[in-house]
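Asker: One structure, pasted below without further comment.
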4 protein chains.
Amino acid sequence: MPSSTSAKRGRPRDAATHQSILDAANQILSDAGYRGFSIEGVAAKAGVSKTSIYRRWPSKGALLLDLYMAGMDGAALADLQHLPIRDAFQRYLSLSVKRLENPFWTNTIQSLVAEAQADPEMADLFRAKVIVPRRESGRILLQRGIDEGQIDSSIDIDIVLDAVFGALWYRLLLGHMPIDQRFANALTDQVFAWIELEQ
Amino acid sequence: MPSSTSAKRGRPRDAATHQSILDAANQILSDAGYRGFSIEGVAAKAGVSKTSIYRRWPSKGALLLDLYMAGMDGAALADLQHLPIRDAFQRYLSLSVKRLENPFWTNTIQSLVAEAQADPEMADLFRAKVIVPRRESGRILLQRGIDEGQIDSSIDIDIVLDAVFGALWYRLLLGHMPIDQRFANALTDQVFAWIELEQ
Amino acid sequence: MPSSTSAKRGRPRDAATHQSILDAANQILSDAGYRGFSIEGVAAKAGVSKTSIYRRWPSKGALLLDLYMAGMDGAALADLQHLPIRDAFQRYLSLSVKRLENPFWTNTIQSLVAEAQADPEMADLFRAKVIVPRRESGRILLQRGIDEGQIDSSIDIDIVLDAVFGALWYRLLLGHMPIDQRFANALTDQVFAWIELEQ
Amino acid sequence: MPSSTSAKRGRPRDAATHQSILDAANQILSDAGYRGFSIEGVAAKAGVSKTSIYRRWPSKGALLLDLYMAGMDGAALADLQHLPIRDAFQRYLSLSVKRLENPFWTNTIQSLVAEAQADPEMADLFRAKVIVPRRESGRILLQRGIDEGQIDSSIDIDIVLDAVFGALWYRLLLGHMPIDQRFANALTDQVFAWIELEQ
DNA sequence: CCGTAAACGAGACGGTACGTCCTGTCTTCTA
DNA sequence: TAGAAGACAGGACGTACCGTCTCGTTTACGG
């Protein structure tokens, strides 16, 4: 009985090819940043044909996004929902700061943003896969804090999310001040001085 | 009597050429965004040789920056320093929102950021000419508010600046939510609920 | 069975592309001469990308050379070796004169020489592909004439070749006098008055 | 009586400027050949403005031609007319060979020819100033030889001139064989074996 | 001895072409 | 069918010169 008609036919995609593309992209991004990042360069470094890249990702941005997703540890973020609010908050910023010590991450994120400025489809994708989920996690967390009486119920949740994530992206993209643990702590302290209810 | 060093020699730059480059760039940026913005295109539309552009601006980013500066109304911003703090704040956000209703401004700023991601020299320039001055104005304003007893002296000024400007840039670059007068008001209200001292 | 080393891999070059480049180059050269001959122009007229030209020919000169070779009829020249010496000689000059009535040929050859003056690599190529082979044919012919007792054995073959070919190139490149059948006949008559043995 | 109405008015041309242009051009030509020869480069090396060059010479070719003329020793050539024919002939070739040992001369002449291939006006000028006068000298010489009964009166003078000068230019422009004293002697010997009357 | 016209350096200007790089698509052969 | 190789049209890059122009500054002559 032939199960799914649209079943796999012909030669299956090679997982090693897939991985060596991601590896090469990762390395180029780490070493040379967005500037030196091209599909052509990735293909060459991976020992892979351009076709094999375009078969998998429709654009440079899509590859960058996968690269970003592949490196994220979803589990770590999921955990946050089960921590006390202030701890979750602190933890999120600390993890972000830690990740951004690796040039791969700064370069990848900057590349994603650069790409999104030029390509509306990419911008949509980026928002849907990266920005919105993060905000939703944040929103759920804040709402829980309000429900549990730890957070001032009069806050404008969207504005708070904009202020917190905004501060982080702002430093990341414009680079006027460093992103380090001091920053993470100061931001946490300031925000909680504002939104936490006195007990 | 201060004699001009390195006096003018040779044929002076043509102001009309200069302007028609800026005009053409402005229009292309307004119509086609970063995607359609190329030195070649600007030269063609301006009826000017590429040389005449490269003579004035070493890179696409430098041109974009001048385009941005030429369009900014410094006077409007200078006024802010003489307004009551909350009004200055409100006014700054309103003006920003208004400006960003014009696609030229969103496209220009997005282009500048995109360019800065790829070119460190451009990033430096952008910070020096755009980011830092704006922050310094904000810092002076906040400090005055503290000195005059209107603003809570325990705030971390840098973090407040990051939160406010960050929120604005965040929406501008990632586009997850609109930038409108509602946003300007909500952000003002929220921030002043936090930092304003009760009288 | 001799397996082909470095076998054909990837998409093969398109013969139509190749031909349309040669055609466009031919036409531009015929119409506008060396002056109006540019890679950019050829690409445009051929409806081909510049890359496709540079992939095949490393320089303008190399393209010109192929253009020249493609138009030469090797067979006609090969025949000369089987004719009586005076006839071969006469025939060669007549064919040359005839060819040079077509502006394509004068323009191509003048272009090749112009290019060779500026580019030593091109000069080498030109000598190897055009000058030397022609001289060798001439040398063989003269030697046969000597061996068969028709030509004075005391001549300096290189000098004779320089004088004959030189006269032709001299008129072609400097243009002080026309290249026509009268010239072909006069040159033949004069040279044979000198080198032919009286029977 | 006011002599020439179009008399000298305004600042006269600076002879030093003139000379430093020729010097710079000479040196660039000697060092870098036609390839590296540009009006811009000459102006820079001479410490002179491009205007000062274009004021004097309408084109690159015209400058090259003047450069050539300035370096020629007319006197030496004039003398030839008073020598016995064979000596004049020999002397002319020897002088040519000697001159061409200096890369300046080969480069200049090759440049002139290259320029003439691309620019018909230049070709006319070159013929009028260089080619024709040389041929006329040769023609007068040959005619004298015939009149004095030293040279075979049945020769076709134009063809002889083409053969002799042609051989020289041929080697110069195509470079398939060296131009040296051996060549000068062999060419003289061969030609006189042909055209000299036995006494 | 003074005004003026031309020469001069500097360099801007509109052009044309260069040769290179990359994009995203395509075509072919091999596995 | 996937995959490697690489051709292809197209677009832009930044550079080099071209020949012309416009400046401000000399400099010799002729009135």
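Just so you know, all these numbers are worked out from the coordinates, no wet-lab data involved. Just so you know, these numbers come straight off a predicted model, no measurement behind them. Cβ: placed from backbone, ideal geometry, glycine included. Neighbour counts: every protein chain shown.
Asker: Let me make sure I get this right: for the stretch D:22-69, a, b and c are the square roots of the gyration tensor eigenvalues over alpha carbons, sorted descending. Under 1.5 in a/c it's rounded, otherwise prolate if a/b > b/c, else oblate. Which is it? Before the final figure, lay out each step's value.
Answerer: Values: a/c = 1.68, a/b = 1.16, b/c = 1.45.
Oblate, since a/c reaches 1.5 and b/c is not below a/b.
Asker: Along Cα→Cβ at 7 Å, what distances in nm separate the A:G71 label point from those on the other copies, shortest first?
Answerer: 3.3, 5.8, 6.1
Asker: Could you tally the net charge around B:S52, taking each other residue with its Cβ under 10 Å from the Cβ of B:S52, Lys/Arg +1 and Asp/Glu -1?
Answerer: +3
Asker: Once the other residues with Cβ under 13 Å from the Cβ of C:L80 are scored (Lys, Arg +1; Asp, Glu -1), what is the net sum? Walk me through the numbers before you get to the answer.
Answerer: Values: positive: C:R86, C:R91, C:R134, C:R139, C:R144; negative: C:D73, C:D79, C:D87, C:E136.
Summing Lys/Arg as +1 and Asp/Glu as -1 gives +1.
Asker: Could you run the Karplus curve 6.51 cos²θ - 1.76 cosθ + 1.60 with θ = phi - 60° over the stretch A:111-128 and give me ³J(HN,Hα) per residue in whole Hz, x for Gly and Pro?
Answerer: Karplus-based 3J(HN,Hα) across the stretch A:111-128 equals 5, 4, 5, 4, 4, 5, 5, 8, 9, x, 4, 5, 4, 4, 4, 5, 4, 5 Hz.
Asker: Tilt of helix C:132-147 relative to the longest C-alpha principal axis of chain C, in degrees (0 to 90, nearest 10)?
Answerer: Result, in degrees: 20.
Asker: Is there a pair in C:K60/D:K98; A:K60/C:K60; B:K50/D:K60; A:K129/B:K60 whose C-alpha atoms are over 27 Å apart, and which pairs would that be?
Answerer: Over 27 Å Cα-Cα: C:K60/D:K98; A:K60/C:K60; A:K129/B:K60.
Asker: Whole Å is fine, so just give me how far the alpha carbon centre of the stretch A:15-82 lies from that of the stretch D:22-78.
Answerer: 57 Å
Asker: Between copies, how far does the label point of C:E136 sit from its twins, in nm, shortest first, when each point is 7 Å from Cα along Cα→Cβ?
Answerer: Sorted ascending, the copy-to-copy spacings read 4.4, 7.6, 7.6 nm.
Asker: Let me ask something else. Once both axes come from the Cα atoms, what is the angle between helix D:60-71 and the longest principal axis of chain D, in degrees from 0 to 90, rounded to 10?
Answerer: The angle comes out at about 60 degrees.
Asker: Something else about it: Counting only other residues whose beta carbon sits under 11 Å from that of B:R182, what net charge do I get with K and R as +1, D and E as -1?
Answerer: Details: positive: none; negative: A:D156, A:D158, B:D180, B:D189.
Overall, the nearby charge balance is -4.
Asker: Can you give me the long-range amide H partners of A:I151? Hydrogens built in the peptide plane at 1.01 Å from N, cutoff under 5 Å, separation of 5 or more residues or another chain.
Answerer: For A:I151, whose amide H was placed from the backbone, the distant partners under 5 Å are A:I146, A:L197.
Asker: Suppose only helical runs count, i.e. DSSP H with n ≥ 4. What mean residue ellipticity at 222 nm does that imply for chain C under -39500 (n - 2.57) per run, divided by all residues and rounded to the nearest 500 deg cm²/dmol? All intermediate terms of the calculation are to be shown ahead of the outcome.
Answerer: Details: 11 runs with 139 residues, N = 199.
The helix-only estimate for chain C comes to -22000 deg cm²/dmol at 222 nm.
Asker: Axis carrying C onto A: which residue of C has the nearest Cβ, and how far, whole Å?
Answerer: Residue and rounded Å distance to the axis: C:T51, 4.
Asker: Let me ask something else about it. Would you mind ranking C:R171, A:R127, A:R55 so that the residue whose beta carbon has the fewest other beta carbons within 10 Å leads the list? Spell out each step's value before the answer.
Answerer: Details: C:R171 20, A:R127 17, A:R55 11.
With the sparsest Cβ surroundings first, the list reads A:R55, A:R127, C:R171.
Asker: Each residue of the stretch D:178-183 in order: what ³J(HN,Hα) in whole Hz does its phi give by Karplus 6.51 cos²θ - 1.76 cosθ + 1.60, θ = phi - 60°, with x for Gly and Pro?
Answerer: Values, residue by residue: x, 9, 9, 4, 4, 5 Hz.
Asker: How tilted is helix D:85-99 with respect to the longest principal axis of chain D? Cα atoms for both, answer in degrees (0 to 90, nearest 10).
Answerer: Helix D:85-99 sits at roughly 40 degrees to that axis.
Asker: Using the Karplus curve 6.51 cos²θ - 1.76 cosθ + 1.60 with θ = phi - 60°, what ³J(HN,Hα) values do you get for each residue of the stretch D:40-48, in whole Hz, with x for Gly and Pro?
Answerer: 4, x, 4, 4, 4, 5, 7, x, 9
Asker: Once you have a ≥ b ≥ c as the square roots of the Cα gyration tensor eigenvalues for the stretch D:119-187, tell me rounded if a/c is under 1.5, and otherwise prolate or oblate according to whether a/b is larger than b/c.
Answerer: Values: a/c = 2.62, a/b = 1.23, b/c = 2.13.
It comes out oblate by the Cα gyration axes.
Asker: Still on this structure: Give me the distance between the Cα centres of the stretch C:141-199 and the stretch D:98-125, rounded to whole Å.
Answerer: Between the Cα centre of the stretch C:141-199 and that of the stretch D:98-125, the gap is 26 Å.
Asker: Over chain D, what is the relative contact order in percent, taking alpha-carbon pairs closer than 8 angstrom and at least six residues apart? Could the numbers behind the result be given before it?
Answerer: Details: 131 pairs, mean separation 40.8, N = 199.
Over chain D, the number comes to 21 percent.
Asker: Obtain the nm distance between the two label points defined at D:R9 and A:R55 by a simple spin-label model: each point lies 7 Å from its Cα along the Cα-to-C-beta direction.
Answerer: Taking the two extended label points, one gets 8.1 nm.
Asker: Using the 10 angstrom Cβ neighbour count as an exposure proxy, how do D:K60, A:K98, A:K129 rank, fewest first?
Answerer: Values: D:K60 21, A:K98 13, A:K129 16.
Ascending Cβ contact count within 10 Å gives the list A:K98, A:K129, D:K60.
Asker: Give me C:L95, C:L29 ranked fewest to most by other Cβ atoms within 10 Å of their Cβ, as a rough exposure proxy.
Answerer: On the way: C:L95 15, C:L29 24.
Ranked by crowding around the Cβ, least crowded first: C:L95, C:L29.
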